[in-house]
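Novice: What follows is a single structure, and I will ask about it in a moment.
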Amino acid sequence: MPITETAFRANAVLKQIMNYNLSVLKFLASLNGSYSEGQPMLRTYIQLAPSYLLIDGSKKDDPETGVAQWALGLERIMDVLAALHPTGQLEHATVLAVRDALAECWSNTSSIQASQTAQDKIKATAARLRKLMDQPDSSSNSLSFRDSRIDFDFLS
């Protein structure tokens, strides 16, 4: 049975929607550089990271590629946070959203084939997040951001 043009287009749209990196890129492009004002919506994309990890890491033909695409989306979000931090515009709620999403992603890794790759990417993202903390060089799993405690105990 030949694929109709409508089905072909629907499949292409579905592939874009099911790719965290592409979704994040489209969202960031829509902000036109106004990242500080876009933090509430950015937090929504951060909160979607665990679901996209399950989609990108288990529904793709190649789970390693799916996890790599998911990680790229997360890296792009961390780039925005790293840019907001020195200006003092990075909101505590955004930092907490990343921490919570990483913790949920960590628990989701047991449900995908590329679990070790995903765990490595989560650790790398957590290391970037730690650099935004008040005392980033502390070896403790409990750090603070603007004097408010942020736990990284999910990595233990």
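The values are calculated or read from the model by the stated rules, or taken from the named source; none is laboratory data. It should be emphasised that the depicted structure is a prediction, and the values quoted were computed from it without experimental measurement. In case anyone asks, the SASA skips ligands and DNA or RNA and just uses the protein heavy atoms, side chains included. Shrake-Rupley method; radii C 1.70, N 1.55, O 1.52, S 1.80 Å.
Novice: Of the conditions (1) at pLDDT 95 or above; (2) open to solvent by 30 Å² or more (accessible area, probe 1.4 Å), residue 97 clears all except one; give me its number.
Specialist: That leaves (2) as the condition not met.
Novice: Can you tell me which residue in segment 108-150 is most open to solvent (accessible area, probe 1.4 Å), limited to those that are within 16 Å of residue 49 (Cα to Cα) and of a type in the set (Gly, Ala, Ser)?
Specialist: 110
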